[in-house]
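A quick write-up on the structure given underneath.
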Amino acid sequence: MSWGFETDPEYQKVLDWADEFVTTEVEPIDQVITHAWDLRDPLRQKLIPPLQDKVREKGLWATHLGPELGGPGYGQLKLALLNEIVGRTHSGPIVFGSQAPDSGNTEILAHYGTPELKRRYLEPLIENKIVSCYAMTEPQGGSNPVEFETTAVLDGDEWVINGEKWFGSNARFASFYIVMAVTDPEAEPHRRLSQFIVPAETPGLEIVRNTGVWGHDYEVGTHAYTRWTDVRIPKDHILGGVGQGFEVAQTRLGGGRIHHAMRTVGLVKRSLDMMLERAVSRTTRGSRLGDKQLVQEMIADSWLQLEQFRLLVLRTAWRIDQENDYRKVIKDIAAVKAAMPKVLLDVTSRAVQLHGSLGVSKELPLGKWLFEAYHMGLADGATEIHKIGLARQLLRDATPHEGLFPSYHVPVLEEQARAKFADVLGELD
């Protein structure tokens, strides 16, 4: 039996390079560009592609993908260690080719796209020549697919899509959408839906408005409310078979959830680093903030939460590598997703408090990260839903006891122990 927590020395060199690269090359870009996903921004196009080339040279491009799709095939555990570094920045994920929602959409296309769809959409998406949008949630149904009303009806050689979708991330930058729609309203709940790929320029596809998010101060919001009116796409633009929408969704959502958690580790660690620097730099009433016992408690609690969460993320990533199937690790992924927003909220809140008025100002990113905690509690499924799913998984594996008292009832255990050791006890009486 082998067990350890050390990182392979060769891969540690890779992580050290990435840490230095992100610090010196990527983090400065965050200060001057508006949005890393906006391929039409000339400043973005001047600064980011050269860094992407350096990442490719190091073999770190699109590390969530296997070699057959242009990635190094490192697996989720190595990706987790890398994402801790990349995730502390806005531009980092796109510089390393692992940005959401494109990373999940590449997995869908890789598993369910036809050769033609892969050539047309997957290849340029992997290369970040284009970006994409995942249109799943709806205004009236939220993220619950059972409540979805958007429909796709086959009309000859075309699918016709009608309905509305809500909060499609990066829709205004996207070259194509992956959309979930009802194809058989009468089928059982998990067989009602299918998924389709839709070019952004398709007639009838309208962005009603782009919605902004607190903490993301873009002139135009990046989460779209879209309306689909007789949107026609070719018959072969379905991803998977009719009624496979849930199955296709799990291909991307499982990965999306764990990848969010990996990047969140980086944000939480950055918040803790800020707390530590502030605590040893700032003085009040004759001593450093770090010498105050309440501040020491804040720092200790933050470190404990970070380390516990990080170990849960790494173990979940390891399990995904072992099983090679997100569905077999659904309990662990639900746990990571449920734990993530609270850890980010708690640690960032303490960091804000420790920085005083500077902490709530726009001169630090802490306020943005604070709201990001609420965002993370909703993205890829609400925290409460994941807690319910986790509990059901645990209860499913629990064994009921038929006795009047529980199997761990002390008088019963004592009686069983006395029966087991009756000979020895008899000799001593």
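Which residue, of Gly255, Gly221, is outside any loop (DSSP other than H, G, I, E, B) and within 26 Å of the chain's Cα centre (by Cα)?
Values: Gly221 fails: outside any loop (DSSP other than H, G, I, E, B).
So the residue among Gly255, Gly221 that is outside any loop (DSSP other than H, G, I, E, B) and within 26 Å of the chain's Cα centre (by Cα) is Gly255.
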Does region 286-306 include one or more residues that are on the phi < 0 side of the Ramachandran plot, outside any helix (DSSP H, G or I) and open to solvent by 80 Å² or more (accessible area, probe 1.4 Å)? yes
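So is Val95 within 16 Å of Gly266 (Cβ to Cβ) and touching a Pro at 6+ places or on another chain (Cβ under 7 Å) or not?
Values: within 16 Å of Gly266 (Cβ to Cβ): yes; touching a Pro at 6+ places or on another chain (Cβ under 7 Å): no.
Taking the combined requirement at face value, the residue does not satisfy it.
For every residue, the table says whether it meets (1) among the acidic types (Asp, Glu); (2) touching a Ser or Thr at 6+ places or on another chain (Cβ under 7 Å); (3) farther than 12 Å from His111 by Cα; (4) surrounded by fewer than 22 Cβ atoms within 10 Å (Cβ to Cβ).
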residue: Lys235; (1), (2), (3), (4): no, no, yes, yes
residue: Leu239; (1), (2), (3), (4): no, no, no, no
residue: Val242; (1), (2), (3), (4): no, yes, yes, yes
residue: Phe246; (1), (2), (3), (4): no, no, yes, yes
residue: Gln250; (1), (2), (3), (4): no, no, no, yes
residue: Gly254; (1), (2), (3), (4): no, no, yes, no
residue: His259; (1), (2), (3), (4): no, yes, yes, no
residue: Thr264; (1), (2), (3), (4): no, no, yes, no
residue: Val268; (1), (2), (3), (4): no, no, yes, no
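Just name the residue that is least open to solvent (accessible area, probe 1.4 Å) out of those in region 108-141 that are of a type in the set (D, E, K, R) and under 22 Å from Thr222 (Cβ atoms). Before you say what the answer is, go through the steps one by one.
Let us first name the residues in region 108-141 that are of a type in the set (D, E, K, R), namely 116, 118-120, 123, 127, 129, 138.
Still in the list and also under 22 Å from Thr222 (Cβ atoms): 127, 129, 138.
On the way: Glu127: 76, Lys129: 148, Glu138: 2 Å².
Per the criteria, the residue is Glu138.
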Report, ordered by the first and then the second residue, all pairs with beta carbons closer than 8 Å, sequence separation of six or more or different chains, a first member in region 233-256 that is free of Cβ contacts under 8 Å to residues at least 60 places away in the same chain, and a second member that is open to solvent by 10 Å² or more (accessible area, probe 1.4 Å) and charged (D, E, K, R). Val242/Asp184
In region 378-425, anything under 30 Å from Cys133 (Cβ atoms) and open to solvent by 100 Å² or more (accessible area, probe 1.4 Å) is listed as Leu378, Glu384, Ile385, Lys387
Scan region 104-127 and report the pairs whose first residue is more than 18 Å from Arg257 (Cα to Cα) and of a type in the set (Asp, Glu) and whose second residue is open to solvent by 20 Å² or more (accessible area, probe 1.4 Å) and in a loop (DSSP other than H, G, I, E, B), with Cβ atoms within less than 9 Å and a gap of 6+ or a chain change. Glu123/Gly70; Glu123/Lys129; Glu127/Gly70
Regarding region 370-377, can at least one residue be identified that is within 14 Å of Ala339 (Cα to Cα), open to solvent by 40 Å² or more (accessible area, probe 1.4 Å) and not in a helix (DSSP H, G or I)? no
Taking region 213-248 as the region of interest, how many residues are closer than 21 Å to Glu116 by Cβ and of a type in the set (S, T, N, Q)? 1
Looking at region 59-79, can you tell me whether even one residue there is open to solvent by less than 30 Å² (accessible area, probe 1.4 Å), outside any loop (DSSP other than H, G, I, E, B) and closer than 19 Å to Gly256 by Cβ? yes
For region 166-208, give me each residue that is surrounded by 18 or more Cβ atoms within 10 Å (Cβ to Cβ), in a strand (DSSP E or B) and touching a helix residue (DSSP H, G or I) at 6+ places or on another chain (Cβ under 9 Å). Phe176, Tyr177, Ile178, Met180, Ala181, Val182, Leu193, Ser194, Gln195, Phe196, Ile197, Val198
Suppose we keep only residues that are surrounded by 19 or more Cβ atoms within 10 Å (Cβ to Cβ) and in contact with a Gly (Cβ under 7 Å, 6 or more places away or on another chain) within region 338-360. Which one would you say is nearest to Val295 (Cα to Cα)? Ala351
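Look through region 199-242, keep the residues that are among the small types (Gly, Ala, Ser) and modelled with pLDDT of 95 or more, and return whichever of them is nearest to Val182 (Cα to Cα). Give the derivation first.
First, pick out the residues of region 199-242 that are among the small types (Gly, Ala, Ser): 200, 204, 212, 215, 221, 224, 240-241.
Right, trim to modelled with pLDDT of 95 or more and you get 200, 204, 224.
On the way: Ala200: 20, Gly204: 18, Ala224: 20 Å.
Ranking the candidates gives Gly204 first.
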Can you pull out the residues in region 142-165 that are open to solvent by 50 Å² or more (accessible area, probe 1.4 Å) and hydroxyl-bearing (Ser, Thr, Tyr)? Ser143
Region 147-171, residues that are within 22 Å of the chain's Cα centre (by Cα) and of a type in the set (A, V, I, L, M, F, W, C): Trp166, Phe167, Ala171
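The values are calculated or read from the model by the stated rules, or taken from the named source; none is laboratory data. Because the structure is predicted, anything quoted here is derived from the model rather than measured. No Cβ is skipped: glycine too gets one built from the backbone with ideal geometry, and neighbour counts run over all protein chains shown. Note: accessible area is taken over every heavy atom of the protein model, side chains too, but ligands, DNA and RNA are not part of it. Shrake-Rupley method; radii C 1.70, N 1.55, O 1.52, S 1.80 Å.
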